[in-house]
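Read through the structure below, which is laid out as structure tokens, and then see the notes.
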Amino acid sequence: MLARTMENKSTGMGLLDELNTAQYQAVTHTEGPLLVLAGAGTGKTRVLTTRLAHLLNTGLAQPWQVLAVTFTNKAASEMRERVQKILNASVDGMWIGTFHALCVKILRRHADLLGYQSSFTIIDTDDQQRLLKQLMIAEGIDPTRVTPKLASIIISKWKDKALSPDQVKIRDRRAEPVLIHLYEQYQERMKILNVMDFGDLLMLCIKLFQENPEVLALYHGQFRYIMVDEYQDTNVAQYLWLRLLAQGTSNICCVGDDDQSIYGWRGAEVGNILRFEKDFEGALVIRLEENYRSTNHILGAAGSLIAYNQDRLGKTLRSAGGENGEKVVIKSCWNCDEEARFVGDEVEQAQRKGTPLSQMAVLVRAGFQTRQFEERFMTIGVPYRVIGGLRFYERAEIRDALAYIRLTVQPSDSLAFERIVNLPKRGIGQAAMNLFHQTAREEGVPLAKAAKMLLDTSLIKGQAKSSLMEFFKNLERWRDNLETMSPSELVGLILDESGYTHMWRQDSGTDAPARLENLKELLRAIDEFESLQGFLEHVSLVLDTTN
């Protein structure tokens with residue numbers, strides 16, 4: 001405690017006094033590899049933010065010399081805000097973000113080395129499957145043998161392991177040749193369209209580092225300290241990316257909990273955290289075991305179950321307050337209907353004792369599991385509310401608006417072009433679209449460019465031709481305004497001049513007013529950004545299911 005107090009006086013920080021012994025050790029051990037095993041509710045976030053503030057406040061590093069990797073955008077924002085509050089100073093230039101966000105930042109700078117333009121678009125799962133469907137049709141792949149959804153899942157798993165098509169041929173002997181060929185075609189088409197999917201962000205960043213030692217050396221020289229949150233959930237690609245960057249410094253601190261690795265289905269490798277001491281020679285392991293969230297009965301029950309896990313480094317959680325609390329009740333039910341009846345009875349009993357419904361919650365593992373509970377609550381007359389549903393940026397009208405923005409910013413975005421070229425209706429039917437696709441494949445150009453080329457022929461005529469010419473004129477005018485109009489004003493103009501807003505105003509459906517309100521909310525969201533490219537990048541990362 002004396003050493004802690006002396007350091008606080010010398011650095012002007014009093015926040016170290018609020019840490020327990022293990023937290024203090026994790027914050028102040030700054031040199032050499034460090035693994036912090038943080039049990040649930042043990043103050044992991046406090047350790048991360050305080051450690052980062054400590055590095056900056058003591059002058060061990062400047063903001064841009066620390067790389068802090070989180071698993072969600074929310075965690076990154078929270079860390080940034082907390083550090084700024086602790087230091088009472090701006091921390092501009094600090095590299096805090098998710099794996100994907102940080103990779104985007106690097107790829108924007110060096111995309112040309114990979115054959116991409118720095119203005120590349122990031123596509124989501126929906127666009128990924130649409131592109132794969134187009135390629136499958138062009139390649140004559142039987143859709144009953146493999147669906148676009150299945151193909152996207154398999155390709156994403158390969159990318160989670162940082163395997164290019166050529167590497168899949170060597171390392172995955174069970175891979176079907178037709179899927180490897182589709183993967184090759186997919187990657188080639190993506191480069192032509194200047195788009196990347198989420199898996200590309202890590203895989204291509206790794207490729208950038210491996211094929212351009214001078215680029216990797218640039219970041220080795222920049223980052224003196226590396227901090228990683230939720231290390232137990234890293235997949236192979238994330239692990240390889242970190243190892244490449246960690247070659248430049250021994251000061252890597254990974255925080256995680258081997259008992260909370262639940263994303264194996266998403267490619268997470270708990271082995272990454274289990275072999276940390278082998279990967280980083282001389283690593284110190286600190287265990288955070290004081291729990292500030294739960295009572296001893298809860299921790300004891302959880303600990304008894306977790307003790308049966310074989311792949312773990314081990315720790316024992318205890319309540320920081322020493323409270324035992326109520327005992328955990330375990331109920332075994334024969335089926336889902338019996339479980340719903342039991343929960344319904346518990347809810348009614350708690351309600352009779354004076355507990356308001358607003359203080360009760362039923363947690364389920366997946367959305368489909370709410371059905372039995374909903375039916376039971378309706379039967380016994382208990383009002384309820386299901387939390388969930390489509391996220392804002394997944395709604396159809398928002399996706400349409402985003403497609404207009406994407407095509408304005410990125411002329412080669414074929415997926416955006418296909419989505420909105422006939423929305424609202426412009427008389428451009430499926431026959432014209434098939435012609436666009438055929439020309440795009442034959443000429444090796446984006447869909448919009450193929451459509452423009454066809455305007456000079458007799459193959460496109462009548463309303464389709466005049467509508468398409470007007471569509472391209474509008475696009476050119478909107479692009480001319482990218483530098484002169486504010487992002488939200490330009491998008492408002494695009495939605496009006498394209499006829500999209502008018503389409504929903506004329507719609508007699510009951511959901512049309514809500515869709516118009518959502519479009520207004522979109523403009524408010526865009527108003528917070530300095531550029532449409534920055535906004536699109538934000539949306540892409542928000543839609544990433546790992547964020």
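The values are calculated or read from the model by the stated rules, or taken from the named source; none is laboratory data. For clarity, every value in this text was computed on a predicted model and none was experimentally measured. Counting neighbours? That spans all protein chains shown, and the Cβs are built from the backbone with ideal geometry, glycine included. SASA here: full protein model, heavy atoms, side chains in, ligands and nucleic acids out. Shrake-Rupley method; radii C 1.70, N 1.55, O 1.52, S 1.80 Å.
A few comments on the model shown:
- Test: residue in region 461-476 that is within 14 Å of Ala401 (Cα to Cα), modelled with pLDDT of 90 or more and not β-branched (Val, Ile, Thr): yes
- Search result, residues across region 294-311 that are open to solvent by 60 Å² or more (accessible area, probe 1.4 Å) and either modelled with pLDDT of 85 or more or in a loop (DSSP other than H, G, I, E, B) (or both): Ala307, Tyr308, Asn309, Gln310, Asp311
- Candidates Glu397, Glu374, filtered to the one that is modelled with pLDDT under 95 and more than 28 Å from Val542 (Cβ to Cβ): Glu374
- Selected residue [assigned to a helix (DSSP H, G or I), touching a strand residue (DSSP E or B) at 6+ places or on another chain (Cβ under 9 Å), closer than 22 Å to Gly282 by Cα and among the β-branched types (Val, Ile, Thr)] from Val47, Val83: Val47
- Of all residues in region 454-507, those being touching a Lys or Arg at 6+ places or on another chain (Cβ under 6 Å) and farther than 28 Å from Ala525 by Cβ number 1.
- Candidate set: region 442-453, residues that are surrounded by fewer than 19 Cβ atoms within 10 Å (Cβ to Cβ) and among the aliphatic types (A, V, I, L, M); chosen: the one nearest to the chain's Cα centre (by Cα): Val445
- Filter pass, Arg426 being open to solvent by 60 Å² or more (accessible area, probe 1.4 Å) and not β-branched (Val, Ile, Thr): no
- Filtered by the rule that a residue be charged (D, E, K, R) and within 28 Å of Gly322 (Cα to Cα), region 266-301 gives Arg287, Glu289, Glu290, Arg293.
- Qualifying residue in region 360-381 (condition: assigned to a helix (DSSP H, G or I), within 24 Å of Val491 (Cα to Cα) and small (Gly, Ala, Ser)): no
- Which numbered condition Gly314 fails, given (1) at pLDDT below 80; (2) farther than 24 Å from Thr70 by Cβ; (3) open to solvent by 40 Å² or more (accessible area, probe 1.4 Å): (3)
- Selection count, region 145-173, where residues are free of Cβ contacts under 8 Å to residues at least 24 places away in the same chain, among the polar types (S, T, N, Q) and under 27 Å from Lys207 (Cα atoms): 1
- Residues of region 490-547 satisfying the condition of being closer than 30 Å to Thr234 by Cα and among the small types (Gly, Ala, Ser): Gly534, Ser540
- Residue within region 367-377 that is in contact (Cβ under 8 Å) with a residue 24 or more places away in the chain, touching a Pro at 6+ places or on another chain (Cβ under 8 Å) and within 30 Å of Ala514 (Cα to Cα) present: yes
- Close pairs from region 128-144: first acidic (Asp, Glu), partner part of a helix (DSSP H, G or I), Cβ under 8 Å, at least 6 apart: Glu139/His181; Glu139/Leu182; Glu139/Gln185
- Sole residue being assigned to a helix (DSSP H, G or I), touching a residue at least 24 places away in the same chain (Cβ under 8 Å), open to solvent by less than 30 Å² (accessible area, probe 1.4 Å) and of a type in the set (Ser, Thr, Tyr), chosen from Thr439, Thr408: Thr408
- Single residue of region 276-293 satisfying the filter (assigned to a helix (DSSP H, G or I) and of a type in the set (D, E, K, R)) that is nearest to Ala40 (Cα to Cα): Glu277
- Among the residues of region 456-476, those identified as open to solvent by 70 Å² or more (accessible area, probe 1.4 Å) and not in a helix (DSSP H, G or I) are Asp456, Ser458, Leu459, Lys461.
- Residue match in region 256-263 (condition: at pLDDT below 95, part of a loop (DSSP other than H, G, I, E, B), of a type in the set (A, V, I, L, M) and open to solvent by 40 Å² or more (accessible area, probe 1.4 Å)): yes
- The lone exception for Trp95 - which of (1) open to solvent by 60 Å² or more (accessible area, probe 1.4 Å); (2) closer than 22 Å to Thr70 by Cα it fails: (1)
- Note on region 374-405: among residues that are basic (Lys, Arg) and within 20 Å of the chain's Cα centre (by Cα), the one that is least open to solvent (accessible area, probe 1.4 Å) is Arg399.
- Considering region 195-253, the qualifying helices (runs of 4 or more DSSP H), each wholly inside and each with 1 or more residues that are more than 29 Å from Ile286 (Cβ to Cβ), run over 198-211, 213-222.
- Of the helices (runs of 4 or more DSSP H) that lie entirely inside region 104-187, those containing 3 or more residues that are at pLDDT 90 or above and open to solvent by less than 40 Å² (accessible area, probe 1.4 Å) span 125-139, 148-160.
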